Amino acid sequence: MPKAHETTLEIDLKALKHNVDYIKSKLSKDTKFLAVVKAFAYGSDAVEIAKYLETLKVDYFAVAYTNEGVALRDAGIETPILVLHPQPENFKTIIEHCLEPNIYSQRVLKNFIAVAENLKQNNYPIHIKYNSGLNRLGFNVNDIEAINTTLKQTAAIKVKSLFSHLAASEDLDEREFTLNQIHKFKVFAHTLIEAINYKPLLHQSNTSGILNYPEAHFSMVRCGIGLYGFGNDNAYNKNLIPIATLKTIISQIHTLNAGESLGYNRAFKASKITKTATLPIGHADGIGRQYGNGKGFVYVNEQKAYIVGNVCMDMIMVDVTDIDCKEGDEVIIFGPKHKINNLTKTVDTIPYELLTAVSQRIKRSFCR
């Protein structure tokens, strides 16, 4: 891609295809592929990512909230969309936009049936969530009889899938726990399928589940972070390509004399002659204040430049004392060659957090 002239998130769709192909290479040909595009496709661009993934023939999309699914429908996305955390007040909107809700409790099940019946639906697809150990959302085994009874009282809905979520599939030290989650889901699914007398899709594996637990692929898998180039393990990361590169430029260069300060609250005071570069990106763009004061860094002409002073809303300042650079030069925050995890671990967080924090006001650019 060309050099940046303003703060830009470059998104490499060829890398996205590479990642999809790699993940699919781990699956049997009959296993369906659900692509998770919640949170603006992990901070990139949900509409453009979903449009491209449709050309790759993914079977499903998943979003967290109803408005995310509506945005995809409004953009012309026709692939089935699972809403992972729907709220009852949005059930009418869900049906009007042909979205498919995760049903995770008896309250939610009964509320959705009431709306579906009022809108005269027949066999409207729903997805039943089982809590196999994450303890976040989902039914328990002792809810099966109540689920079955409720389902048999209506023709308005039909179960499209049974699913659960692995809590620690990336941590092989938790293998026993994960295998127990898989076993419990199998028991739940088998028991409920016998009760309802038809077989919905089954899915439990996230990206790390796909890579580490092939026995849990079932009839569909859900791939989120893997699409965007991260496998939660260096052994897998080398086979995936981060699709996003966050770039900015040097707006101005200052030279501070010893004793002069920089930024809000004079958080940085120069102990010697110091050259700093001001960049047009700040905490309103996703670079949190925790990265300031020498913790976080960027790359100026391939050299590491540490953030000095407090992160401002729209700007950061970096130390370029020993770097040959000029105003207008391109700066890399993270990308395929400049690993985001090297930055996020400086403040004890994970790539997910920084990726999804990238502001929507930042320009997006696509490489096809």
*Mind checking whether some residue in region 319-342 is open to solvent by 20 Å² or more (accessible area, probe 1.4 Å), hydroxyl-bearing (Ser, Thr, Tyr) and over 24 Å from residue 228 (Cβ atoms)?*
yes
*Mind listing whichever residues of region 237-267 are open to solvent by less than 60 Å² (accessible area, probe 1.4 Å), part of a strand (DSSP E or B) and not basic (Lys, Arg)?*
244, 245, 246, 248, 249, 253, 256, 261, 262
*Does residue 297 qualify as being of a type in the set (Phe, Trp, Tyr) and under 30 Å from residue 52 (Cβ atoms)?*
no
*Within the set of pairs 6 or more residues apart or between chains, which connect a residue that is farther than 17 Å from residue 170 by Cβ inside region 343-368 to a residue that is modelled with pLDDT under 95 and of a type outside the set (Ser, Thr, Tyr) with Cβ atoms less than 6 Å apart?*
367/1
*Looking only at region 141-154, decide whether some residue is farther than 24 Å from residue 117 by Cβ and open to solvent by 40 Å² or more (accessible area, probe 1.4 Å).*
yes
*Would you mind listing the strands (runs of 3 or more DSSP E) fully within region 18-94 where at least 3 residues are in contact (Cβ under 8 Å) with a residue 12 or more places away in the chain, within 22 Å of residue 119 (Cβ to Cβ) and among the aliphatic types (A, V, I, L, M)?*
81-83
*Options 269, 295: the member that is over 21 Å from the mean Cα position of the chain (by Cα) and without any contact (Cβ under 8 Å) to a residue 12 or more places away in the chain*: 269
*Check residue 4 against each of (1) farther than 23 Å from residue 161 by Cα; (2) touching a residue at least 24 places away in the same chain (Cβ under 8 Å); (3) out of contact with any Lys or Arg (no Cβ under 6 Å at 6 or more places or on another chain); (4) not in a helix (DSSP H, G or I) and name the one condition it does not meet.*
(3)
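The values are calculated or read from the model by the stated rules, or taken from the named source; none is laboratory data. As the structure is a computational prediction, the values presented were derived from the model and not from experiment. With ideal geometry, Cβ positions are generated from the backbone for all residues, glycine too; neighbour counts draw on all protein chains shown. The accessibility values were calculated without ligands, DNA or RNA, using every heavy atom of the protein model including side chains. Shrake-Rupley method; radii C 1.70, N 1.55, O 1.52, S 1.80 Å.
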